[in-house]
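The values are calculated or read from the model by the stated rules, or taken from the named source; none is laboratory data. All of these numbers come straight from a predicted model, not from anything done at the bench. Cβ placement follows ideal geometry from the backbone for every residue including glycine, while neighbour counts extend to all protein chains displayed.
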Amino acid sequence: MIEVPRALTAESDLIFDDSCDVLIVGLGAGGGATAIEAAAARADVLVLERASAGGGSTQFSRGFVYLGGGTRVQKLNGFDDTVEDMLSYLAAMILNQPEGVADLIVNSAIFDRTERPFMGQSIIDVWDDCVEIERDLKIPEGALQRKLAEYNAHAEQGEDPEFRKYRDYVQPLSEAPFAAFDCSFGAVPFNGFTLGGLKTDAQARVLNEAGRPIQGLYAAGACAVPSAPPMRCPERSRKS
Ligand SMILES: Cc1cc2nc3c(=O)[nH]c(=O)nc-3n(C[C@H](O)[C@H](O)[C@H](O)COP(=O)(O)OP(=O)(O)OC[C@H]3O[C@@H](n4cnc5c(N)ncnc54)[C@H](O)[C@@H]3O)c2cc1C
């Protein structure tokens, strides 16, 4: 049985007289990774967590990898990036397609595992074979069949030489029926959002208002990621 810790309020008569080398506030990915590293370096580590268990928003993370868009830490480390560059990078693959149309083809095994459309994409239709998909989605005859055959040949070996997906996520798309999701630019939200608040330098030291490091105070994780401003790709409707 989980023991729920006693709740303390600001008025609680709290006497805190412990001491440690490294005090970590918050047990999410940032705090957890820091605690592990500090303990590995033989520091005496104490973690304070306000919830009844660790995890924070990390436990909800879906595992997407975000890009930068010109964060301060990127700049401090010599990476030249802007929101516009990030947007055009994200959009380039799709915009380079004829009429900016991109469809995600999945087979029944993957479709069954999908709790909901990945990013709110709408499903276009379901087909029994690739010839029908090519016809309905106006893909040049044979192009999808060749692409799938090539993808499947590598996937049988657990490889994806084109996009280098991790082998656990590589599986042949052979079992019909097939479905297609509309991933065209403008049909799907390509969103960015802001995080954090604390200003840090490249060594994760928290900076005061004058921009000078506050001795002994470091920030890691979402509280220290001054991300790019929110962005959203312009609307663009699919040509039928
Ligand atoms: C639904 C969802 C999906 C996401 N998907 C992705 C994704 O696909 N890819 C991605 O990169 N990111 C994703 N994120 C964001 C990512 O999960 C967070 O940016 C990341 O987990 C933050 O880690 P953290 O350690 O900084 O904070 P958290 O994991 O939130 O940990 C902070 C901890 O600090 C504790 N705390 C706060 N204040 C105090 C206090 N005063 N005293 C003591 N403890 C305190 C909190 O209770 C919490 O446990 C997602 C977030 C959500 C919510």
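Scanning the stretch 30-41 for residues that are more than 15 Å from ALA220 (Cα to Cα), touching a helix residue (DSSP H, G or I) at 6+ places or on another chain (Cβ under 9 Å) and away from the ligand (no atom under 13 Å from the Cβ) turns up nothing.
Pick out the one residue from ILE94, ILE105 that is surrounded by 14 or more Cβ atoms within 10 Å (Cβ to Cβ), at pLDDT below 85 and under 30 Å from ILE139 (Cβ atoms).
Matching residue, one of ILE94, ILE105: ILE94.
Taking first residues from the stretch 144-164 that are at positive phi and partners that are surrounded by 14 or more Cβ atoms within 10 Å (Cβ to Cβ), the Cβ contacts under 7 Å between residues at least 6 apart in sequence or on separate chains come to GLY158/VAL170.
Under the condition of being modelled with pLDDT of 90 or more, exposed (fewer than 14 other Cβ atoms within 10 Å of the Cβ) and either outside any loop (DSSP other than H, G, I, E, B) or aromatic (Phe, Trp, Tyr) (or both), the residues counted in the stretch 1-32 number 1. Each residue in the stretch 135-183 was checked for being closer than 16 Å to LEU104 by Cβ and touching a Gly at 6+ places or on another chain (Cβ under 6 Å), and 1 pass. Within the stretch 175-196, the set of residues being at pLDDT 85 or above and under 20 Å from ALA102 (Cα atoms) comprises PRO177, PHE178, ALA179, ALA180, PHE181, ASP182. Once the stretch 133-146 is narrowed to residues that are in contact with a helix residue (DSSP H, G or I) (Cβ under 9 Å, 6 or more places away or on another chain) and part of a helix (DSSP H, G or I), the residue that is nearest to PHE178 (Cα to Cα) is ILE133. If only residues of the stretch 45-77 that are modelled with pLDDT of 80 or more and aliphatic (A, V, I, L, M) are counted, the one that is farthest from the ligand (Cβ to nearest atom) is LEU76.
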